[in-house]
Amino acid sequence: MSARRWAWRAGSVLVCIALVLAWQAVADARLVSPVFLPPPDKVWRALQRGMASGVLLQKLGGTVLRMIEGWAVASLLGVGLGTLVGASHTARAWLGPTLEFLRPLPASAIIPVAIALFGLSDAMVLGVIGFGALWPMLLATVHGFAAVEPRLYEVSRALGLSRAAVVWKVALPSALPDILAGARLGLTVALVLAGVCEMLAGRDGLGQWILLSARSFRAPDLYAGVVLFGVLGYASALLIGAVERRALRWRG
Amino acid sequence: MTRLLRAIAVPAALLLAGEIAMRAAGSSSDALAPPSDVAAALAALLADGEMLRASAETLASALGGLAIGGGVGLLAGLLFGAVPAAARLFAIVVEGIRPIPAVALIPLALILFGFGFRLEIAIVAFAAIWPMLVFTQAAVAAVDTQLLDVARVLRLPLAARLARIVVPFALPRIFVAFRLAFGVALIVAVTVEIAVNPLGLGYGMTMAQQTLRPADMLAYLVWIGVLGFLLNVLLLVVQRTVFGRFLPRGARP
């Protein structure tokens, strides 16, 4: 079974290589202008050059830092507020509809407001990412608390647990899968907003890098930046996946 | 009735507090406005047609991108769901492209298309592929194997198998995918407008900010929220009335 899985995996790698080779052929034959579609070897060299000189590495670092900072703030606030709202039936009844109403609001729509409040500053970027990534986490926590098996609450009441103990020992662990799903979504939102804010506010990062590369028609640099965005998205998904597997091991 | 009252009590109290605080502070701000001014600005923008024109532009881009990207995602999802070998062979390609945030493609689309609808539609299309692909693939893969066995016994060709068995079976779930993809499309459209594109609601909001009209800016924000909420409710109602009976409990988010 496992050998078969590896065979499929190998086949999948071959398909990927074939597509890159096709891209190379199309670009080399100049079927598409190299301004829009540089050959992959040039993109790879641009990536290497940028990494070796440290410029691209620094941009990558800036974006990663911004994303993690905003996401960490959002996680703490989201789980904290979500616990406050979710742990009390009354708060859920009063605040739930408002939260549901705000759910589909695009997080990016807060950017103009944040610019008006903070100007084109790092505080603006942090505010936007923090606000945007807050919602998935907050809503997931509230939902997780609402979905706790009611009998667990009955048992804790029978055991005479305090309210804090119920939250800490029963509700939070039970809501953990939801919270981690929210964290995953929050991380994606954080990456998107970091990119947009860097483009808009000219902060040092990948978003600014790809915008400037496009403006000066340095297509290999542009593609190198897009590739790094993809790597960043993939790496953060892997990381959350690993955390999920570890943290949820007890559920079997 | 009490539920409705409870639902609007907190926002109403917050709006009232905001109104009083802004009026008491007295000075005008570049970033905030009293809720009553925002309501007046919203009414004015709706009355002179500006808001509706911007909404039409945003919705046109979102729907155009959804049609292209959602179509690609639907076809790929049908293929990957019906032919697992294809899904396995393209796994790494999909895993490699999917994590790229759609907004990272804005600069590339900008040099390809310039400002305008095509830029926005291209970005929305890229973003709309993935929810459609993932959910359609799962929906098709969940088709009852006994039905497929019957189809094999009847020697139905692939096209007939898809049209007569797979699609009717998977359609309710595919509609759920469409609803989620529509939400994504709207969000991405507004984001592209705020980031670069001089069109639609996002641009209207950015312009209001840059020309220091906070009441207008917040009116756009409120309208974007209301529009997203109402469209989601509309699609939910359609989902429930048309497909409600066919959706298994787990697939009814």
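Phi angles of segment B:66-78 translate, via the Karplus equation with coefficients 6.51, -1.76, 1.60 and θ = phi - 60°, into HN-Hα couplings of 5, 4, 6, x, x, x, 4, x, 5, 4, 5, x, 4 Hz per residue; Gly and Pro are given as x. Any idea what angle helix A:2-28 forms with the longest principal axis of chain A, computed on alpha-carbon atoms, 0 to 90 degrees, nearest 10? The helix A:2-28 is inclined about 40 degrees to chain A. Of the residues A:Ser236, B:Leu186, A:Val128, the one whose Cα sits farthest towards the positive end of the charge dipole of the protein assembly as shown is A:Ser236 (charges of +1 on Lys and Arg Cβ, -1 on Asp and Glu Cβ, taken about the Cα centre). About its Cα centre, the dipole of segment B:34-251 is roughly 1080 debye, where the only charges are +1 on Lys and Arg Cβ and -1 on Asp and Glu Cβ. Modelled spin-label separation between B:Ala44 and B:Ala67, with each label point placed 7 Å from Cα along the Cα-to-Cβ direction: 3.6 nm.
Comparing A:Trp71, B:Leu46, B:Ala109 along the charge dipole axis of the protein assembly as shown, the residue lying farthest to the positive side is A:Trp71, per the Cβ-charge model. Shape of segment B:1-55 from its Cα gyration tensor (a ≥ b ≥ c, root eigenvalues): rounded if a/c is under 1.5, otherwise prolate when a/b > b/c, or oblate? Oblate, because a/c is 1.5 or more while a/b does not exceed b/c.
Judged by the gyration tensor of its Cα atoms, with axes a ≥ b ≥ c, chain A is oblate; a/c meets the 1.5 cut and b/c is at least as large as a/b. Between B:Leu236 and A:Ile17, the FRET efficiency estimated from the beta carbon spacing at R0 = 45 angstrom works out to 0.55.
Where does each of A:Ile129, A:Ile17, B:Ile97 land when they are ranked from fewest to most other beta-carbon atoms within 10 angstrom?
Going from least to most buried by this count: A:Ile17, B:Ile97, A:Ile129.
For segment A:132-186 versus segment B:45-86, the inter-centroid distance based on Cα atoms is 35 Å.
Assign unit charges at the C-beta atoms only (+1 for Lys and Arg, -1 for Asp and Glu), then state the dipole size of segment A:42-251 relative to its Cα centre in Debye, rounded to the nearest 20.
Around 480 debye, computed over segment A:42-251.
The charge dipole of the protein assembly as shown, taken about its Cα centre with unit charges on the Cβ atoms of Lys, Arg (+1), Asp and Glu (-1) only, comes to about 1920 debye. If the chain linking B:Leu154 and B:Arg53 were pulled fully straight, counting 0.36 nm for each residue of separation and taking away their Cα-Cα distance, it would gain 31.0 nm. Taking the longest Cα principal axis of chain A as reference, the axis of helix A:172-201 is set at about 40 degrees.
More than 20 Å apart: what percent of Cα pairs in segment A:179-252 qualify? Tail of the P(r) past 20 Å holds 42 percent of the pairs. Based on C-alpha pairs under 8 angstrom that are at least 6 apart in sequence, segment A:42-251 has a relative contact order of 30 percent.
Multiplying the residue separation of A:Val55 and A:Arg245 by 0.36 nm and subtracting their alpha-carbon distance yields 64.9 nm. Evaluated at q = 0.10 Å⁻¹, the base-10 log of the normalised Debye intensity for segment B:34-251, with identical point scatterers placed on the Cα atoms, takes the values -0.54. Taking the number of Cβ atoms within 10 Å of each Cβ as an exposure proxy, the fewest-first ranking of B:Tyr203, A:Tyr234 is A:Tyr234, B:Tyr203. Exposure proxy shown here: for A:Thr98, A:Thr188, the number of other Cβ atoms within 10 Å sets the order, fewest to most, as A:Thr98, A:Thr188.
The simple spin-label model puts a point 7 Å past each Cα toward its Cβ; for B:Leu15 and B:Asp30 those points are separated by 2.8 nm.
Each reported figure results from applying straightforward, stated rules to the coordinates on display, with no laboratory input. None of these values were measured; they are calculated from a predicted model. Neighbour counts run over all protein chains shown; Cβ positions are idealised from the backbone, glycine included.
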